[in-house]
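Here is the structure we will look at.
The values are calculated or read from the model by the stated rules, or taken from the named source; none is laboratory data. If you're wondering where the values come from, they're calculated on a predicted model, not measured in any experiment. In this analysis, Cβ positions are derived from the backbone assuming ideal geometry, glycine residues included, and neighbour counts consider all displayed protein chains.
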Amino acid sequence: MDVVAAAERWIAHDPDPSDRKTLSEWVGRAKRGDAGALDRITGAMTGRLFFGTAGLRGEMGPGPNRMNTAIVATATAGLCAVLGQMAEHPRMVIGFDARHRSAQFARTAAGVATAARCDVMVMPRALPTPLLAFAVRHLGADAGIMVTASHNPAADNGYKVYLGGRIVAAHERGVQLVDPMDSRVMAAIEEIGWADEVPVADDGWRVLDETIVDEYLAAAGKLAGRLGVDQDQMARLAVVLTAMHGVGAPVATRLLESAGVSRLYPVAAQCSPDPDFPTIAFPNPEEAGALDLACDKAREVKADLVVALDPDADRCAVAVPDRSGAWRQLSGDQLGALFAQHLAAKIPVGEGGGEPPVFARSLVSGSMCDAIAAAHGITARQSLTGFKWIVRGPGVVYGYEEAIGYCLDPEVVRDKDGITAGLIACAMVAELTAKGRSVDDLLDDLDVAHGLHVTAPLTFRVADRSVIVAGLERLAADPPTGLGGHQVSEFADLSLGYRGLPATVGYRIESTVGDRVVVRPSGTEPKLKCYVEVREPVSGREDLGAARRRAADRLARIREELTAELGF
């Protein structure tokens, strides 16, 4: 493909003057021999954004392989075409975060959807993703669009689609679209043609008022009531809150204060929206160093825990002091297991829409959740990665993924919700503290009761996605026969389907002692991810230290083996 010629064709049909100017400048420099400009054109014009784990997501800029006004316009037109075949005058709600161009993209989506004869509602301001997911169910919308790139770098943006109302079954309302619906929408997008040919209305949609926030908070308050959150215990808690320069702090603050938290300490430098994320290299609470400012604040105020929301507040990380007083961040699997234990004793009979209660997790998340569910007579279920799969089935009362995503109230928000997760984390710590116990005490209890389920990620970030393809091909061509000193009992190609799950790219390796690895490319970033779990029996509380050392040694060995086998 002549990428310069393709860029010139794109310029002729790009409805955004800023993107036209940028791409025109690149073309001019490329024609003068600027190799860097040619590389930028090649990246922008080669391929097209597609619906991945979290919808459309990528770097902002001109071209079909970037997030821009043209992509939003054609994506919305394609979505509306499909919705219009399934329901008359589809009802749609649109939300956006505080990233660069998010409000602009939401305005474009609203204009296109209105011109396509949809009944369009727009959130009143930049708000967290969980509020959009809530609004889809609460308002009976047939679809929702959320403009966000969540925890991606500042240069990125994205476009998530939720389905509801007349389009899907009751237990799928408010869940992101999956195949075959996403393929159907992508096919419709391909038929749209150039973005400048898409009709865009100048007005005609309705902007919601702040009542939608109040209604979300009221629903979250009912969850707190069902779970017996004790306001007196919460009042004694000292909580540090960071929003990672995103939109979560105001809503989270209102919720925590309404639940009784009176000693709430925001990280001032990170609690107001700033799309450049100036205090952190990556606005992802999982990244090393992301919680440094919050933990510094926690030491200063002698807090009981840190609650960290990612920029669109759909994910939540928690840090606590250990027995020595040093602050440490809980892993996504540790917090997922703690939530499972906390909820298992509190779920009333009949919750989950009359279906038997289900704890759901992604297949890359730790299996401690399954053990806890079994001990309480709750069904455990695995899914593909991403909440569009985790919370899709009937009966789900709790869903989680190791990437600090938690759904604690699926009947209200059928997606991950960092705000309610932060609330329940506080309630859990408050309850433990009132009993003179700590998070570490509860983690010890779980390890003694169910054995160790030690998990750790191994992530390779790359500049060229072809490196990821090569690593996966190397693994498939020469599958390992051993894992951490034990024989491999299963090597599964996930693209062939795994235990009834839909096909996906990746491999699952399990050893004869139950250790397992899932290797898959990230659906949102240029990363190859390896999810390692080591299972180690514990004979009693006195064996915990030795068992953890055995597990840590085996985990380190597996990580070394994977690095070599994948060629990194």
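Some observations on this one:
- Scanning the stretch 304-361 for residues that are among the β-branched types (Val, Ile, Thr), farther than 16 Å from residue 372 by Cα and either modelled with pLDDT under 95 or part of a loop (DSSP other than H, G, I, E, B) (or both) yields one hit, 349.
- Within the stretch 12-55, considering residues that are among the hydroxyl-bearing types (Ser, Thr, Tyr) and part of a helix (DSSP H, G or I), the one nearest to residue 145 (Cα to Cα): 18
- Selection from the stretch 262-301 of residues that are of a type in the set (Phe, Trp, Tyr) and within 20 Å of residue 525 (Cβ to Cβ): 277, 282
- Checked against the criteria, residue 370 counts as at pLDDT 95 or above, closer than 23 Å to residue 504 by Cβ, assigned to a helix (DSSP H, G or I) and not assigned by TED's automatic domain parsing to the domain that holds residue 129.
- Residue count, the stretch 99-158 (criterion: in a loop (DSSP other than H, G, I, E, B) and of a type in the set (Gly, Ala, Ser)): 8
Results for (1) surrounded by fewer than 22 Cβ atoms within 10 Å (Cβ to Cβ); (2) in contact with a Ser or Thr (Cβ under 8 Å, 6 or more places away or on another chain); (3) within 26 Å of residue 19 (Cα to Cα); (4) not acidic (Asp, Glu), shown as yes or no for each residue.
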site	(1), (2), (3), (4)
74	no, no, yes, yes
99	no, yes, yes, yes
108	no, yes, yes, yes
113	no, yes, yes, yes
118	no, no, no, yes
126	yes, yes, yes, yes
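- Just one of the listed residues (449, 463, 470) is assigned to a loop (DSSP other than H, G, I, E, B) and in contact (Cβ under 8 Å) with a residue 40 or more places away in the chain, namely 463.
- Which listed residue is crowded, with 16+ Cβ neighbours inside 10 Å and within 22 Å of the chain's Cα centre (by Cα), from 526, 457, 502: 457
- The residues of the stretch 162-180 that are surrounded by fewer than 19 Cβ atoms within 10 Å (Cβ to Cβ) and of a type outside the set (Val, Ile, Thr), listed by number, are 166, 169, 170, 179, 180.
- Single residue of the stretch 43-67 satisfying the filter (farther than 14 Å from residue 14 by Cα and polar (S, T, N, Q)) that is nearest to the chain's Cα centre (by Cα): 53
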